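My structure is below; once you've seen it, I'll send some questions.
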Amino acid sequence: MQRRIVITGIGAVTPVGTGREQFWDNLLAGQSGIGVVESFDTSGYSVHRGAEVRGFRVEDYLEHTEASQLGRASQFAIAAARLALADARVRPDALDPERAGVAMGTTSGEPREVERFDDAFVGKELSSVGAEFIARYPCHVISEHVASELNFAGVNMMIPTACAAGNYAIAYAFDMLRAGRADLMLAGGSDAFSRITYTGFARLGAIAPEICQPFDRNRKGMVPGEGAGVLVLEPLDGAMARGAHVYAEVAGYGLSCDAHHMTAAHPEGDGAARAMRQALEQSGVRPEEVSYISAHGTGTATNDRLETIAVKRLFGDAAYKIPISSVKSMLGHTMGAASAIEAAVCALAVNCDRIPPTINLEEPDPDCDLDYVPNYAREHRVNVAMNNAYAFGGNNASLVLRKCEV
Amino acid sequence: MRRVVITGAGVVSSLGDSPAALHAALCEGRSGLRPVELFETGMLGCPLGGEIKSFDARNYLGKRNLRPLDRTSRLVASAAQLALDASEWTAELRADREVGLVLGTMFCSVHTISEFDRRALEAGPGYASPMDFSNTVINAAAGQTAIMHNLRGTNTTVSTGTTSGLNAIAYATDLIRGGRARALLAGGADELCFESFYGFDRAGLLCHTTGAAGDFPIPFDARRNGAALGEGAALLMLEDAESARERGARVLAEVRGHGGGFDCSRGKKDLKAVEAISRAVRLALSDAGVSTREVDCLSASANGSPARDWHEAHGVACVFDDSSRSLPVTAIKSMLGETLGASGAMQAVAMLETMRDGVLPGIPSLQELETDFPLAMLSPESREVEVHCGLVNSVGLDGNSCSLVLARGEEF
């Protein structure tokens, strides 16, 4: 009998709020976190909006680390980790450090550190960049900073599998707990708002000028965002022993690669469907048992159309009966954090039987003809939730959560 | 639990582009460290790097369109081709069955990322190349390689600093053990580039040398004063033992187990640093079901770092007690340099060759050890060692540590 793994804590730092309650309430209320970019000057761009985290104070979350040693993604990650532990009512110093681990995902790591390097390089002031570049830039420092701040000496893993990275990190943590390599894992994703990412998506013509409207006929693209989502994962027996509240059980996951194109999804949704199928098979869940799908739903013309094809390919007629929503309509695309934040959404949906909406969905698209929970949150029994995430490199990751029946 | 075997290996390094060539060079004590030609080193303290001179991916990948691939991606795609060939995973077989890729990398290409950004800064955002953008993600090399070789299985990029390559092998091993995959290419890669070189230089991590190739870095030597950077890619083909047998694959070795440890002081407190390394070794041996007496040699992570080499030596000694003095040890970063995300996988490939022919590379230029140094079976020359079971260590700059146990594959 394999160890059952459950989610007992949720921490989020997002453009619509920090902490589980604020984040969840705002998503259910359909509130958007998208505004004019403040991180850098966008006057050289044809688009100017993004989903940034405002008013964030890392000092509120640090006990052992100096804020000046941390890039922004590490700061978000530590904050989300502390919030998740508090939410799970776990005191980090009460844990056996060697049995407590961290797995995080990211798209860009600490892009602002390399941007600072580039500013200095172009400004012919490279000598102003010193030892802090290597101490703060490589992406693995994110999970290391979290672990070192919390004194977690166990498994430590960083998975930079772009915009599906959060799901990969949660899947990894799930496996580590099942294999008995850890007793508690913090797992999630983090990314900081980045000039490089913004430039790239702008050059791909993928950024929407005003709002993000996934699955709408007139959708104009994605909106880059930032944030972090971290979950506390632990074996069910341990959670029960300490009387923890269980949001949801992690039932299984599936990973696949299109091996088709770096930035465009497979035209028939091949890889996405394989990841979903694998996730369902390994979870022992039949397609018609899925009660909610959190879509990757970026708001680009191609993603939303192909994702719809992939869901139909796997679920057949049942696809029309499953509510699907994209919280990216409100959060923008928080990159490597996105699927971790969306996993938190799935856990909360399973826990509360409520589904956050896809906002800005005014005009249906004939190519996107499923139930996308338009504009208003919905009460709906969620026994099983599936979290889909796709990434550059043709990576697909699907995670299945379900109500924890004891 | 399923057993995990190695059915092939591919390597592109400054000392050769096959496991046998790499091993021969290491055993002869040849160094891949030369004055760097890829970029200007005038402003930097260390002119030496383990650069792959005249690297041309067309030698491995033929006439396929290589334009979208940066140097790191070309290194990975080349090593993948070599590993697929060595394990006889033909294109036809790959069309029929899923093969995945788990790639460890520290930077993937910080050079591509930085160049993309600098172009936008200098010429305006409208001049940055969309094609380059897709290579700015840290999983670009894994994605490009999957496209080139039709690798439709799990495609995961693992980044844990210089332990990335070994951690990728550990990650892939767990996926196969758990029945989540049958065949995975696993290993690591990093390229030599100005951006990372500059960072290591400024952080005081590189060796000081007059520029004459051959003397530095000297892992474990009392005179060590830093590492040299290198580059390359190394991939193992890992397979579920049963599937490998069914398809009649040749088995080179078995991945018997792995373990990891994280040092919350991130290398700053000696006791904690030593403890984390020893924990990784101990967990790996216990995962493998192997006692210290059964370990025939160690491929150390040591790269010439004054602090980290010391931590590693004492971490190993904590587990092996007195027998650490009779454990044959090599440190191939003395010749390849610190190849970052590739390094642990490079060591694993070299270990396979040591298992095959019974020769363990030496540590060139090694002359003197500190008094009471806990490792003693170190020598500048290679030596003969019958290896059934080898331990591979990977010790990060800043806290992560990973150990892997490989065993000869005769029983399959």
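The values are calculated or read from the model by the stated rules, or taken from the named source; none is laboratory data. For clarity, every value in this text was computed on a predicted model and none was experimentally measured. Don't worry about glycine lacking a Cβ; one is built from the backbone with ideal geometry, like all the others, and counts go over all protein chains shown. To get the accessible areas, we keep the full protein, side chains included, count just its heavy atoms, and leave off ligands, DNA and RNA. Shrake-Rupley method; radii C 1.70, N 1.55, O 1.52, S 1.80 Å.
Does at least one position in the range A:202-217 carry a residue that is of a type in the set (Asp, Glu) and under 19 Å from residue A:392 (Cα atoms)?
Here is the first cut: in the range A:202-217, the ones of a type in the set (Asp, Glu) are A:210, A:216.
Now restrict to residues that are under 19 Å from residue A:392 (Cα atoms): none.
So far as the range A:202-217 goes, no, none of its residues is of a type in the set (Asp, Glu) and under 19 Å from residue A:392 (Cα atoms).
Being more than 8 Å from chain A (Cβ to nearest Cβ) and among the small types (Gly, Ala, Ser) is the filter; apply it to the range B:90-149 and report the residue that is nearest to residue A:123 (Cα to Cα).
The qualifying residue nearest to residue A:123 (Cα to Cα) is B:123.
If we keep just the residues of the range B:174-196 that are outside any loop (DSSP other than H, G, I, E, B) and open to solvent by 10 Å² or more (accessible area, probe 1.4 Å), which is nearest to the other protein chains (Cβ to nearest Cβ)? Steps first, please.
Residues of the range B:174-196 that are outside any loop (DSSP other than H, G, I, E, B), as a first pass: B:174-177, B:183-190, B:194-196.
Those still in the list that are open to solvent by 10 Å² or more (accessible area, probe 1.4 Å) too: B:174, B:177, B:194.
Working: B:174: 6, B:177: 8, B:194: 9 Å.
Looking at the filtered set, the residue picked out is B:174.
State whether one or more residues within the range A:90-109 are surrounded by fewer than 23 Cβ atoms within 10 Å (Cβ to Cβ), of a type outside the set (Gly, Ala, Ser) and without any contact (Cβ under 8 Å) to a residue 12 or more places away in the chain. Break it down stepwise before answering.
As a first pass, look at the range A:90-109 and keep what is surrounded by fewer than 23 Cβ atoms within 10 Å (Cβ to Cβ): A:90-99.
Next cut, of a type outside the set (Gly, Ala, Ser) only: A:90-93, A:95-99.
Still in the running and without any contact (Cβ under 8 Å) to a residue 12 or more places away in the chain: A:91.
Checked the range A:90-109: at least one residue is surrounded by fewer than 23 Cβ atoms within 10 Å (Cβ to Cβ), of a type outside the set (Gly, Ala, Ser) and without any contact (Cβ under 8 Å) to a residue 12 or more places away in the chain.
Can you tell me how many residues in the range A:365-399 are under 14 Å from the mean Cα position of the chain (by Cα) and within 11 Å of residue A:294 (Cα to Cα)? Show your work before the answer.
From the range A:365-399, those under 14 Å from the mean Cα position of the chain (by Cα) are A:386-391, A:396-399; that's our starting set.
Adding the requirement that they be within 11 Å of residue A:294 (Cα to Cα) leaves A:386-389, A:398-399.
Residues that pass the stated criteria total 6.
Working only within the range A:82-95, note down all residues that are touching a strand residue (DSSP E or B) at 6+ places or on another chain (Cβ under 9 Å) and within 14 Å of another protein chain (Cβ to nearest Cβ). Steps first, please.
Of all residues in the range A:82-95, those touching a strand residue (DSSP E or B) at 6+ places or on another chain (Cβ under 9 Å) come to A:82-90, A:92, A:95.
The answer is A:92, A:95.
Only one of B:126, B:161, B:165, B:100 is surrounded by fewer than 22 Cβ atoms within 10 Å (Cβ to Cβ) and outside the structural domain of residue B:262 (by TED's automatic domain parsing). Can you tell me which? Explain how you work it out, then say what you get.
On the way: B:161 fails: surrounded by fewer than 22 Cβ atoms within 10 Å (Cβ to Cβ); B:165 fails: surrounded by fewer than 22 Cβ atoms within 10 Å (Cβ to Cβ); B:100 fails: surrounded by fewer than 22 Cβ atoms within 10 Å (Cβ to Cβ).
Only one candidate passes the filter, namely B:126.
What residue, of A:175, A:183, is at the interface with another protein chain (Cβ under 9 Å from one of its Cβ atoms), within 22 Å of residue B:261 (Cβ to Cβ), touching a helix residue (DSSP H, G or I) at 6+ places or on another chain (Cβ under 8 Å) and open to solvent by 10 Å² or more (accessible area, probe 1.4 Å)?
Numbers: A:183 fails: at the interface with another protein chain (Cβ under 9 Å from one of its Cβ atoms).
After applying the criteria, what remains is A:175.
Taking the conditions exactly as written (open to solvent by less than 10 Å² (accessible area, probe 1.4 Å), in the same structural domain as residue A:49 (by TED's automatic domain parsing) and among the polar types (S, T, N, Q)), does residue A:128 satisfy them or not? Before you say what the answer is, go through the steps one by one.
Working: open to solvent by less than 10 Å² (accessible area, probe 1.4 Å): no; in the same structural domain as residue A:49 (by TED's automatic domain parsing): yes; among the polar types (S, T, N, Q): yes.
Taking the combined requirement at face value, the residue does not satisfy it.
Okay, next question. Out of A:391, A:377, report the one residue that is surrounded by fewer than 24 Cβ atoms within 10 Å (Cβ to Cβ) and of a type in the set (Gly, Ala, Ser). Steps first, please.
Details: A:391 fails: surrounded by fewer than 24 Cβ atoms within 10 Å (Cβ to Cβ).
That would be A:377, the only listed residue that is surrounded by fewer than 24 Cβ atoms within 10 Å (Cβ to Cβ) and of a type in the set (Gly, Ala, Ser).
From the list A:265, A:279, A:259, which one is within 26 Å of residue B:181 (Cβ to Cβ) and part of a helix (DSSP H, G or I)?
Working: A:265 fails: part of a helix (DSSP H, G or I); A:259 fails: part of a helix (DSSP H, G or I).
A:279 is the lone residue from the list that is within 26 Å of residue B:181 (Cβ to Cβ) and part of a helix (DSSP H, G or I).
If I filter the range A:186-197 for residues that are surrounded by fewer than 24 Cβ atoms within 10 Å (Cβ to Cβ) and hydrophobic (A, V, I, L, M, F, W, C), do I get at least one hit?
yes
Okay, next question. Among the residues of the range A:147-162, write down those that are within 13 Å of the chain's Cα centre (by Cα) and either open to solvent by 10 Å² or more (accessible area, probe 1.4 Å) or of a type in the set (A, V, I, L, M) (or both). Break it down stepwise before answering.
Here is the first cut: in the range A:147-162, the ones within 13 Å of the chain's Cα centre (by Cα) are A:159-162.
Scanning the range A:147-162 gives A:159, A:162.
Another one. Residues being more than 23 Å from residue B:53 (Cα to Cα) and open to solvent by less than 10 Å² (accessible area, probe 1.4 Å): count how many of those fall in the range B:66-88.
Going through the range B:66-88 one residue at a time, the tally reaches 2.
So which of B:221, B:201, B:240 ends up being open to solvent by 20 Å² or more (accessible area, probe 1.4 Å) and of a type outside the set (Val, Ile, Thr)? Spell out the reasoning first.
Values: B:221 fails: open to solvent by 20 Å² or more (accessible area, probe 1.4 Å); B:240 fails: open to solvent by 20 Å² or more (accessible area, probe 1.4 Å).
The match here is B:201.
Looking at the range B:166-173, can you tell me whether even one residue there is in contact with a strand residue (DSSP E or B) (Cβ under 9 Å, 6 or more places away or on another chain) and at the interface with chain A (Cβ under 9 Å from one of its Cβ atoms)?
The initial filter retains those residues of the range B:166-173 that are in contact with a strand residue (DSSP E or B) (Cβ under 9 Å, 6 or more places away or on another chain), namely B:166-173.
Filter once more, so that each one left must be at the interface with chain A (Cβ under 9 Å from one of its Cβ atoms): B:167, B:171.
Yes.
Can you tell me which residues in the range A:172-228 are farther than 17 Å from residue A:109 by Cα and among the acidic types (Asp, Glu)?
Once the filter is applied, which keeps residues that are farther than 17 Å from residue A:109 by Cα and among the acidic types (Asp, Glu), the range A:172-228 yields A:175, A:183, A:210, A:216.
What about residue B:345, is it under 24 Å from residue A:158 (Cα atoms) and either open to solvent by less than 10 Å² (accessible area, probe 1.4 Å) or outside the structural domain of residue B:14 (by TED's automatic domain parsing) (or both)? Write out each step before concluding.
Working: under 24 Å from residue A:158 (Cα atoms): yes; either open to solvent by less than 10 Å² (accessible area, probe 1.4 Å) or outside the structural domain of residue B:14 (by TED's automatic domain parsing) (or both): yes.
When the stated conditions are applied, residue B:345 passes them.
Another question about this same structure. Out of the range A:62-80, which residues are buried (at least 21 other Cβ atoms within 10 Å of the Cβ), in contact with an Asp or Glu (Cβ under 8 Å, 6 or more places away or on another chain) and closer than 22 Å to residue A:232 by Cα?
Answer for the range A:62-80, where residues must be buried (at least 21 other Cβ atoms within 10 Å of the Cβ), in contact with an Asp or Glu (Cβ under 8 Å, 6 or more places away or on another chain) and closer than 22 Å to residue A:232 by Cα: A:72, A:73, A:74, A:76, A:78, A:79.
Can I ask one more? Just to be sure I understand the filter: pairs with C-beta atoms under 7 Å, separated by 6 or more residues or on different chains, first member in the range B:299-318 and among the aliphatic types (A, V, I, L, M), second member assigned to a helix (DSSP H, G or I). Which pairs pass?
Once the first residue is among the aliphatic types (A, V, I, L, M) and sits in the range B:299-318, its partners that are assigned to a helix (DSSP H, G or I) give B:300/B:312; B:302/B:309; B:302/B:312; B:302/B:333; B:316/B:281; B:316/B:324; B:317/B:324.
Shifting gears a bit: Sort out which residues of the range A:142-172 are in a helix (DSSP H, G or I), within 7 Å of another protein chain (Cβ to nearest Cβ) and not aromatic (Phe, Trp, Tyr), and write them in order of number.
Within the range A:142-172, A:144, A:147, A:148, A:162 qualify.
I'm trying to understand the selection: among the residues of the range A:42-61, which are among the small types (Gly, Ala, Ser) and either buried (at least 24 other Cβ atoms within 10 Å of the Cβ) or under 20 Å from residue A:187 (Cα atoms) (or both)?
Quick first cut of the range A:42-61, residues among the small types (Gly, Ala, Ser) only: A:43-44, A:46, A:50-51, A:55.
Once the filter is applied, which keeps residues that are among the small types (Gly, Ala, Ser) and either buried (at least 24 other Cβ atoms within 10 Å of the Cβ) or under 20 Å from residue A:187 (Cα atoms) (or both), the range A:42-61 yields A:50, A:51.
Do we have residue A:116 as more than 8 Å from chain B (Cβ to nearest Cβ), more than 25 Å from the chain's Cα centre (by Cα) and basic (Lys, Arg) here?
Values: more than 8 Å from chain B (Cβ to nearest Cβ): yes; more than 25 Å from the chain's Cα centre (by Cα): yes; basic (Lys, Arg): yes.
So residue A:116 passes the test.
For (1) of a type outside the set (D, E, K, R); (2) in the same structural domain as residue B:202 (by TED's automatic domain parsing); (3) out of contact with any Leu (no Cβ under 9 Å at 6 or more places or on another chain); (4) in a loop (DSSP other than H, G, I, E, B), each residue gets a yes or a no:
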position	(1), (2), (3), (4)
B:26	yes, yes, no, no
B:31	yes, yes, no, yes
B:40	no, yes, yes, yes
B:45	yes, yes, no, yes
B:59	yes, yes, yes, no
B:66	yes, yes, yes, yes
B:77	yes, yes, no, no
B:81	yes, yes, no, no
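Only one of B:234, B:249, B:302 is open to solvent by less than 40 Å² (accessible area, probe 1.4 Å), in a loop (DSSP other than H, G, I, E, B) and within 29 Å of residue B:181 (Cα to Cα); which? Explain how you work it out, then say what you get.
Details: B:234 fails: in a loop (DSSP other than H, G, I, E, B); B:302 fails: within 29 Å of residue B:181 (Cα to Cα).
When all the criteria are applied, what remains is B:249.
When you scan the range B:389-408, do you find a residue that is of a type in the set (A, V, I, L, M), touching a Gly at 6+ places or on another chain (Cβ under 6 Å) and assigned to a helix (DSSP H, G or I), even just one?
The answer is no; no qualifying residue exists.
Return the residues of the range B:35-72 that are within 18 Å of residue B:204 (Cβ to Cβ) and of a type in the set (S, T, N, Q); say none if nothing qualifies.
Residue satisfying the conditions is B:41 alone.
On the given criteria, is residue B:156 surrounded by 21 or more Cβ atoms within 10 Å (Cβ to Cβ) and more than 7 Å from chain A (Cβ to nearest Cβ)?
Spelling it out, it is not the case that residue B:156 is surrounded by 21 or more Cβ atoms within 10 Å (Cβ to Cβ) and more than 7 Å from chain A (Cβ to nearest Cβ).
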